[in-house]
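Each remark here refers to the structure printed beneath this line.
None of the figures in this text is laboratory data; all of them are computed from the coordinates on show. Quantities reported herein were computed from a predicted structural model and do not represent experimental measurements. Note that each Cβ is placed from the backbone with ideal geometry, even for glycine, and that neighbours are counted across all protein chains shown.
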Amino acid sequence: MEGVNQSVVSEFVFLGLTNSWNIQLFLFVFSSTFYIASMTGNSLIVFAVASDPHLNSPMYFLLANLSFIDLGISSVTSPKMIYDLFRKHKVISFRGCITQIFFIHVIGGVEMVLLIAMAFDRYVAICKLLYYLTIMSPKMCILFSVASWVVGCMHSLVQMAFVVNLPFCGPNVLDSFYCDFPRFIKLACTDTYRLELLVSINSRFMSVGSFFILIISYIVIIFTVPHSSSGPSKALSTLSAHVTVVVLFFGPVMFFYTWPSSYTHLVKFLAIYDAIVTPFLNPIIYTLRNQEMKMAVVRGFSKLMGYRQILKHLTCEQS
Ligand SMILES: *[C@@H]1O[C@H](CO)[C@@H](O)[C@H](O)[C@H]1NC(C)=O
C-alpha cells in the first residue's frame, strides 16, 4: 500500500471577507482598481528602467527588481480574491493552497532582501559617495538580485519542509481569503503546536530581523550625513521614500505573524492592504519623489504608445 496519501482533503474553503453585498461591491471596485493600477505602475517602472539609458544606475536596477517582485505580490492572492468575492462557494485546491503559501514566502523573502540592498545602496550613495560606482558595481547589483532570490526560496522551502507531509483529514475551512500559515497548519489532524511555533518564529525572524537591519541602517545614514561634504539633500529625499515604504510594508507583516489569531477582522483587512495597496505604493512613492523617474516613466509610456501606433500602422498596411 505504498504511496497512499494520508490527506483526504483535496480542497480548502475560504470564508472570505464579508457577507455584506455592499462591502463586497466596495471591495471589488477598490481591489480591482488598485490591482490594475499597481500592475500598470510597476510594469512601467520595469520597462522604463530596462529601456531608458538615463536610468542606468544601481538604484534604478534595484528599484526595477522591486517593481518586478511587486508584480508578483499583487498577483499571488488578489486575482483569486477578486474572483471569489461574489461567489458563494469559495474553494481552492490543495495544490493551489500550497502554491500560494510557497510564493507568498518566496516573494516576501525577496522583497526584504531587496529593501536591505536598497538601504545599502543609499548608505553608499550618501556616506561613501566617492566610491559609489566602485562599490555598487554591476557585479554587486547582480549579486544582490541573485541573493534576494536565493534567500526568498530558501526561506520558503524551509517553511514548506515543515508542512508538506502534514495529514489533513477533514476540517478544511479557512477563515481567510488566501492560504497562509498559521491558519493552514491549524487544520492539520495532528498536534501542531510546535510546528506553528517553528513557522511563526521563521517568519517573524525574517520580518522583524530585516526591519531592524533597515531601521539601523537608516539611523546610521542619518547620523553620518552631516560629516559628508557634498550634496546630501537629494539623496536624503530619496531616503525618506525608502523609510516610508519600509514602514508601510513591514508594519502589517510583523502584525500578522506576531498576533496571528487575534483581531481576525483587522488581520483580514491588513492582509488586503498588504496584498493590494503596498505594491501600488512603491511605484507611487519612488516615482513621485524622483524627477528623473517621473520623466522616464513618461518617456517609457509614450514609447509604449508609439510602438502600438507603429504596430497598428504595420498591420493596417499588410491587410
Ligand atoms: C534586477 O537587477 C539586475 C542587476 O542589476 C538587473 O540585471 C536586472 O535586469 C534587474 N531585473 C529587473 C526585472 O529589472
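Hey, could you check region 65-94 for residues that are closer than 21 Å to residue 114 by Cα and free of Cβ contacts under 8 Å to residues at least 40 places away in the same chain and say which is nearest to the ligand (Cβ to nearest atom)?
Step by step, filter region 65-94, then rank; the result is 68.
Do we have any residue at all in region 56-64 that's within 15 Å of the ligand (Cβ to nearest atom), hydrophobic (A, V, I, L, M, F, W, C) and in contact with a Ser or Thr (Cβ under 7 Å, 6 or more places away or on another chain)? I'd like the intermediate steps shown before the answer.
So the first thing to find is which residues in region 56-64 are within 15 Å of the ligand (Cβ to nearest atom), and the list is 56-64.
Next cut, hydrophobic (A, V, I, L, M, F, W, C) only: 59, 61-64.
Cutting the leftovers down to in contact with a Ser or Thr (Cβ under 7 Å, 6 or more places away or on another chain) gives us none.
Checking region 56-64: not a single residue is within 15 Å of the ligand (Cβ to nearest atom), hydrophobic (A, V, I, L, M, F, W, C) and in contact with a Ser or Thr (Cβ under 7 Å, 6 or more places away or on another chain).
Need at least 2 residues that are within 16 Å of the ligand (Cβ to nearest atom) and of a type in the set (A, V, I, L, M) per element, so show me which helices (runs of 4 or more DSSP H) inside region 100-196 make the cut, counting only ones lying wholly within it.
Values: elements: 132-135, 138-163, 183-186.
In region 100-196, the matching helices (runs of 4 or more DSSP H) lie at 132-135, 138-163.
Suppose we filter region 178-199 for residues that are surrounded by 18 or more Cβ atoms within 10 Å (Cβ to Cβ), of a type in the set (Ser, Thr, Tyr) and farther than 19 Å from residue 8 by Cβ; how many remain?
1
What number of residues in region 15-30 are among the hydrophobic types (A, V, I, L, M, F, W, C) and within 22 Å of the chain's Cα centre (by Cα)?
Within region 15-30, the subset among the hydrophobic types (A, V, I, L, M, F, W, C) is 15, 17, 21, 23, 25-30.
Applying the additional criterion that residues be within 22 Å of the chain's Cα centre (by Cα) yields 17, 27-30.
Qualifying residue count for the region: 5.
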